[in-house]
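Data first, discussion second: the structure below is written as structure tokens.
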Amino acid sequence: MKHALLAGIALLTLGAAPLSREPGPKQKVDLLIRGGTIYTGDGAPFVGDVAIRGDRIVLVSRRADVNAAEVIDAKGMIVAPGFIDPHTHLGDDLASADAAKRLVPAFLMQGVTTAFIGNDGGGDPDVAKVLGRAKTRPVGINYAAYVGFGAVREKVVGEADRAPTDAEMGRMKKLVADAMCNGALGLSTGLFYAPQSFAKTEEVIELAREAGKRGGTYDSHIRDESSYTVGLAAAIDEAIRIGREGRLPAHISHIKALGVDVQGQAPAIIAKVEAARRAGQNVTADQYPWSASGTSLVASLIPLWAQDGGRPALLKRFGDASLDTKMREGITENLRKRGGADKLLIVEGRYLNKTLDAVAKERGEDAVTAAIAVIRIADPGVVSFNQSETDIAAFMARPWVMTGSDASGGHPRVYGSFARKYAKYVVADRVLSLRQFIHRSATLTADTFGLAGRGRLKAGAFADVVVFDPKSYAAQATYEAPTLRASGVRTVVVNGVLAVNNGALTGNAAGRALPHKPTAGSCS
Ligand SMILES: [Zn+2]
């Protein structure tokens, strides 16, 4: 019944589109995905076939009359463009000496075929090296890379809280320009994090212009997603201003309202972004579908002044009795903003899977003393439960918000973001339709960042395809067991090669580095 309806829609939609009906001998193809419900990324779904030859899709139609070397029966399945994740922390995995890590199984098993790296201002500023590595170390998924402001600033200015000199500014601009000419997507920042937090807006604008001149995007983990420093609203304003004055598209990473002080602000933040868009600015965002964020204990609790100079300086300050009151007050306040010690789950090291509250009880200390004791040993990753579902749904419903994972260890978002968004926010909560989910998980992302030939199922496009079971596609990863692979993905094709077949990894590493093409004439 449902499929008859879908096929009816398909007839109407495809009436206008040219269908390939080649006479004579049948076209030979390598792979035919037959009889699935096809979401191309743009139009209405229809039941049909996707034919692939080499690394390209050659035919998408209701019936492909071809001679296929291999046929995959997709009846009852959803067939969609491979998903694209604009915010990850997979740089180390993709560069790993371990070939199994470079496959990125957590992503393939969700149908994610392309990821961005170098987000939050991190990564290696030598983008030529980062993108060149795929040739000698084959990867399971495609990737594109930002040049990170933090990496650039650390290289030139170090970790200190001061403005760069003119000479240093010149060196930073050159690093950004070189990275752009070597294929960087744009400039990423994480202005929340020291030492990037020490930079004034004008410094970032000057560097963003170097990316903008070459067709890049400004990607921003904003200065404050909460009420730590300037506040969420002012941090959004700053990101929009950097885009406007840097003359380049601005993209807000993992958009959210973090912590008790700003919960409920999603409508106000959306209004700001949409005002800028109405004024002609290109402003977009990505979002991960979880109410907990992932960060480190230091980043979530230690006041910024105490982080100046990095970990050695922090440890020295812990030992300085004259700073004790100020330090404890700062941590107490940050704990309040985060919703209390029971809202911070440690996901690394000695206190794995224990809340800070539980650690404090175990040690017979108050939460602040326990936090300092834990940080003296190491700075473990934490998940911090700090967003409201109402805000999450409000952001998700906007057409400029795409799916992202912010994949980093210890949080289930690595293994489950795309699958969870489908199972929870499409099927259960109905925040998005399936068509919107697919568009915002592939097509919108490819268009926003100019990934030529990606993000759509159409003849001529690169054959990045996911086939999943609409009844069982779901995240299995949880906060306590964050590394369980998602269920429901049957087939994944990366550049025409089967990466997942019959629900299992094939071991094929067919991913490619995707260098961004700088604007013509912008690199000499
Ligand atoms: Zn971030």
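The values are calculated or read from the model by the stated rules, or taken from the named source; none is laboratory data. Keep in mind the model is a prediction, meaning the values are calculated, not measured. For neighbour counting, all protein chains shown are included, and Cβ atoms are generated from backbone atoms with ideal geometry for every residue, glycine included. Just the protein is used for accessible areas: all its heavy atoms, side chains included, with ligands, DNA and RNA removed. Shrake-Rupley method; radii C 1.70, N 1.55, O 1.52, S 1.80 Å.
Annotations for the structure displayed:
- Any chance ARG223 is without any contact (Cβ under 8 Å) to a residue 40 or more places away in the chain, touching a Phe, Trp or Tyr at 6+ places or on another chain (Cβ under 8 Å) and either within 16 Å of the ligand (Cβ to nearest atom) or open to solvent by 10 Å² or more (accessible area, probe 1.4 Å) (or both): yes
- One residue from ASP379, ASP406 being open to solvent by 30 Å² or more (accessible area, probe 1.4 Å) and under 25 Å from ALA299 (Cα atoms): ASP379
- Matching residues in the range 207-233 - criterion: being small (Gly, Ala, Ser) and out of contact with any Asp or Glu (no Cβ under 7 Å at 6 or more places or on another chain): ALA208, ALA211, GLY212, GLY215, GLY216, SER220, ALA233
- Residue ID - nearest to ARG420 (Cα to Cα), chosen from residues in the range 72-115 that are open to solvent by 60 Å² or more (accessible area, probe 1.4 Å) and in contact with an Asp or Glu (Cβ under 9 Å, 6 or more places away or on another chain): HIS89
- When residues of the range 328-341 are limited to those that are open to solvent by 20 Å² or more (accessible area, probe 1.4 Å) and assigned to a helix (DSSP H, G or I), the one farthest from SER227 (Cα to Cα): ARG328
- GLY453, sole failed condition from (1) in contact with a Lys or Arg (Cβ under 9 Å, 6 or more places away or on another chain); (2) under 30 Å from ASP429 (Cα atoms): (2)
- Residues in the range 172-179 include none that are buried (at least 24 other Cβ atoms within 10 Å of the Cβ), at pLDDT 95 or above and within 16 Å of the ligand (Cβ to nearest atom).
- Filter result for ALA463 (touching a residue at least 24 places away in the same chain (Cβ under 8 Å) and surrounded by fewer than 19 Cβ atoms within 10 Å (Cβ to Cβ)): no
- In the range 412-427, the residue that is most open to solvent (accessible area, probe 1.4 Å) out of those that are away from the ligand (no atom under 16 Å from the Cβ) and among the β-branched types (Val, Ile, Thr) is VAL427.
- Within the option set VAL147, VAL157, being within 16 Å of the ligand (Cβ to nearest atom) and over 30 Å from TYR422 (Cα atoms) holds for one residue only, VAL147.
- Test: residue in the range 313-327 that is open to solvent by less than 60 Å² (accessible area, probe 1.4 Å), closer than 20 Å to ASN386 by Cβ and assigned to a helix (DSSP H, G or I): no
Matching residues to (1) within 21 Å of SER226 (Cα to Cα); (2) touching a strand residue (DSSP E or B) at 6+ places or on another chain (Cβ under 6 Å); (3) more than 16 Å from the ligand (Cβ to nearest atom):
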site	(1), (2), (3)
VAL401	yes, yes, no
GLY410	no, yes, no
ASP429	no, no, yes
SER433	no, no, yes
SER441	no, yes, yes
GLY453	no, yes, yes
GLY460	no, no, yes
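- Close pairs from the range 78-102: first within 16 Å of the ligand (Cβ to nearest atom), partner among the basic types (Lys, Arg), Cβ under 9 Å, at least 6 apart: ASP92/LYS101
- Look at (1) free of Cβ contacts under 8 Å to residues at least 60 places away in the same chain; (2) open to solvent by 20 Å² or more (accessible area, probe 1.4 Å) and you find that LEU356 fails only one, number (2).
- Close pairs (6 angstrom Cβ cut-off, 6 or more residues apart or separate chains): farther than 15 Å from PHE192 by Cβ in the range 251-268, open to solvent by less than 60 Å² (accessible area, probe 1.4 Å) and within 12 Å of the ligand (Cβ to nearest atom) anywhere: HIS251/ASP219
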